[in-house]
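These notes concern the structure reproduced below.
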Amino acid sequence: MKTQLLKKMIMVVAFFAMTSASAQLFDFESSKGGWDKEFQMASADLVIEGGRGTLACVRTTNNSTIALAPATATINAKTMNFLKLVIKNTSKSNSIRVKAQTSAATDNTANFNISAEDTEFQTYYFDLRTTTAWTAAQTANSTTEEVKLLFRGNFPTAPAVEGIIYVDSIEFLAAIPATQYSEFIQNPNFEDPTGITQYSGNGATRSISSVGAQAGLQSMKVTFTAAQTSNFWNFSNYKKTYAPGFLTGKTAIVKVWVKTNRTTAAQINVKLKTVDASDAVTANQPQVTQLTTNFTGGWEELTFSLPLLDANVEGITFFLGVNWNDPAAIPDNSAYNAVAGNNFYFDTMSATFSTTLGTAKNTLEGVSVYPNPADDVVNVNSVNGGDITVYSTVGTKVLTAKATASNYQLNVSGLSSGVYLLELVSVGKTSVTKLVIK
Ligand SMILES: [Ca+2]
Ligand SMILES: [Ca+2]
C-alpha cells in the first residue's frame, strides 16, 4: 500500500512539475492552480459565476490581495510581457497593482486601471513592460518567485467586506493576439484588445459585453441611461488605405449583427470617413441608416450599402452608431430615438466591396410608379411584383412592402412631404425610381 501511495505521489509531483513549467494560464475551472487569498482578502474560493469557473475574491481593505504561492509562481518573467485578466469586479476597486517578486528584485509593481461594480465579465490586457521594474526583472531573472494582484482604490470607510471580484482567468502572455480586421473595420468581432471606441453620444455608454455575444465571447453593448439627445457614435481609430483608383466605382457593403431590447424600430447608422491620399476629408462621406426589425430581443443582421462616390478616396475609417432624429426637425422619426433603458448589442461585423458600375444586366425593366408626385397611395406596376423599399435621400429606410401583384397599391400616407427613392427588387434585379410625396 505504501509503495502504491508513493507511486501516486511521485506521479502527482511529476505531473505538477510538467504543467507548472509550461502553464501560464490559470482558469479556475477545477483548481486554484496555486492562487489563494493573501493580505486582507476575506476569502478566495472556487465558485461558478455566469457559467464560468472563477476564483471569488471577497475584498475587505483597500489593498485586498490574491497571490500565486511561491512554490508555483514560476512565471517566466523574461518572456512574459502581458497579463491577460478576465474578471467581473462587483467591488468598488478601480485599479490593480501587480507585484512580481524575483530573486534579484522585490515587489516590482505596476498599476493598471479597471472598471468597478461590473455586471459582466471584462477582459484586460496589461502591458507589464510599461514599468521599468518589470523590465528590470525581465533583464535579471527568468522566473518569478511570487506574483500578487492587489485590488486597490475606492475603498469606503465602511463596511468591512466590500464586494466580490470573480476572477475567471489569469494568463501571462508573451504577446497579445493579433488584431483582426475585415477590410476597414478593426476588431470586427469585439474579441481583441483594440478596436472600436465610443466617440460621441449623450445618454448612453459603451462597454464590451461578455453576456450578449452573437459569436465568440464578447460583443459591444450600448446602454442608454437617459433619453437620446444626439447621434451616438462609435469610432474605429484605424484608417485602411488603398491604392489610387482601387475604390473608384465601388460600393462598400457593411454587415452588422444587432440585438436590442426595444420593442419598436430603432435606427442604426454606419458612416465612413473617407480621405484622399493627402489625408484630406473627401466631399462624399457615405452614411446609411437602417431600421431594426427584430422586436423580441433576438439577433438580426443589417446590411448597409455605401457608395464611394469620390474618385479620389484612398482611406476609410469606420463609424457605427445609433441614429437620433431631432424632434423639432424630423418629428415623424423621433419615435426611433432611444430612451432610458434601451440597450443595443453589436457583433460580427464585416466589410466587402461590390462594383456598382456596369450593372445594366441587374436593372429591372418595365417598372412604372404613379401618380408621382403622390398623396396617400402609389401604384407600383411591374411584371412579377417584388420587394419594395422606400428610402429618404440620406439613405434612411422609411418603408418596406411586398408587392404581391403586378399592379400593387403602396400606402404612403405615413410619409412626410419630400423626395424619396423607391426601390423594387424582383428576381435578382433592381429598379430605383425617384418618388415625390406632396
Ligand atoms: Ca474560468
Ligand atoms: Ca464577438
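Quick note: the coordinates plus some simple rules give every number you see, no bench work behind them. It should be emphasised that the depicted structure is a prediction, and the values quoted were computed from it without experimental measurement. Virtual Cβ from ideal backbone geometry, glycine too; neighbours counted across all protein chains shown.
Pull out a ≥ b ≥ c, the square roots of the eigenvalues of the alpha-carbon gyration tensor of region 300-438, then state rounded if a/c is under 1.5, prolate if not and a/b is larger than b/c, and oblate in the remaining case.
Since a/c reaches 1.5 but b/c is at least a/b, the shape of region 300-438 is classed as oblate.
Can you compute the radius of gyration and Dmax for region 181-245, using only the Cα atoms, both in Å?
In Å, with Rg to one decimal and Dmax whole: 13.8, 44.
Name the residue, out of ILE388, ILE75, ILE268, whose mean-square fluctuation peaks in a Gaussian network model built on the chain with Cα pairs under 10 Å.
Evaluated over the chain, the most mobile residue of the options is ILE388.
State whether region 22-173 is rounded, prolate or oblate according to the following rule on the C-alpha gyration tensor (a ≥ b ≥ c being the square roots of its eigenvalues): a/c under 1.5 gives rounded; otherwise a/b larger than b/c gives prolate, and the remaining case gives oblate.
prolate
For a protection proxy built on the mean count of beta-carbon atoms within 10 angstrom, sort 400-406, 345-351 highest first, please.
The most tightly packed comes first, giving 345-351, 400-406.
Any idea what log10 I(q)/I(0) is at q = 0.10, 0.12, 0.13 Å⁻¹ for the chain, Debye with uniform C-alpha scatterers and no solvent?
Summing over Cα pairs of the chain leads to -0.84, -1.05, -1.16.
Determine the sum of side-chain charges near PHE224: Lys and Arg each +1, Asp and Glu each -1, restricted to other residues whose C-beta is under 15 angstrom from that of PHE224.
In short, +4.
Compute the separation of the alpha-carbon centres of region 200-222 and region 110-152 and state it in Å as a whole number.
Taking the Cα centre of each part, region 200-222 and region 110-152 sit 25 Å apart.
So what's the back-of-envelope 222 nm ellipticity for the chain, counting only DSSP H runs of four-plus at -39500 (n - 2.57) apiece and dividing by all residues, rounded to 500?
So the helix-based figure for the chain works out to -2000 deg cm²/dmol.
In debye, nearest 20: dipole of the chain around its Cα centre with unit charges on the Cβ of K, R (+) and D, E (-)?
580 debye
Would you mind getting me the FRET efficiency between ASN94 and ASN379? Use the beta-carbon distance for r and R0 = 41 Å, nearest 0.05.
0.05
What percent does the relative contact order of the chain come to when contacts are Cα pairs within less than 8 Å and at least six residues apart? Can you show the working numbers first?
Details: 1133 pairs, mean separation 52.8, N = 438.
Once normalised by length, the contact order is 12 percent.
Hey, what D do you get for region 360-437 in µm²/s if you plug the Kirkwood alpha-carbon radius into Stokes-Einstein at 25 °C and 0.890 mPa s?
Rounded, D is 200 µm²/s.
Could you rank the peptides 205-215, 330-340, 365-375 by their average count of other C-beta atoms within 10 Å per residue, with the highest value first?
Ranking, from highest mean packing down: 205-215, 330-340, 365-375.
Using the alpha carbons of region 262-323, what is the convex hull volume per residue in cubic angstrom, as a whole number?
On the way: hull volume 4.8 nm³, N = 62.
Once divided by residue count, the hull of region 262-323 is 77 Å³.
Take each of the peptides 57-63, 291-297, 376-382, average the number of other beta-carbon atoms within 10 Å over its residues, and list them starting from the highest. Could the numbers behind the result be given before it?
Values: 57-63: 20.0, 291-297: 13.4, 376-382: 17.6.
Most protected by this proxy first, the peptides run 57-63, 376-382, 291-297.
Within the P(r) computed for region 181-355, what percentage of the Cα pairs occupies the region above 25 Å?
31 percent
Specify the angular offset, from 0 to 90 degrees and rounded to the nearest 10, of the alpha carbon long axis of helix 2-22 from the longest principal axis of the alpha carbons in the chain.
It works out to around 50 degrees.
Count the net charge of all other residues whose Cβ sits under 12 Å from the Cβ of VAL258, scoring Lys and Arg as +1 and Asp and Glu as -1.
Around VAL258, the surrounding residues sum to +1.
Hey, got the Cα dimensions of region 135-174 along the principal axes, in Å, largest first?
If we take the Cα atoms of region 135-174, the spans are 42, 22, 15 Å.
With the cut-off at 28 Å, tell me which of the pairs LYS239/LYS402; LYS32/LYS88; LYS259/LYS434; LYS84/LYS271 have Cα atoms farther apart than that.
LYS239/LYS402; LYS259/LYS434; LYS84/LYS271
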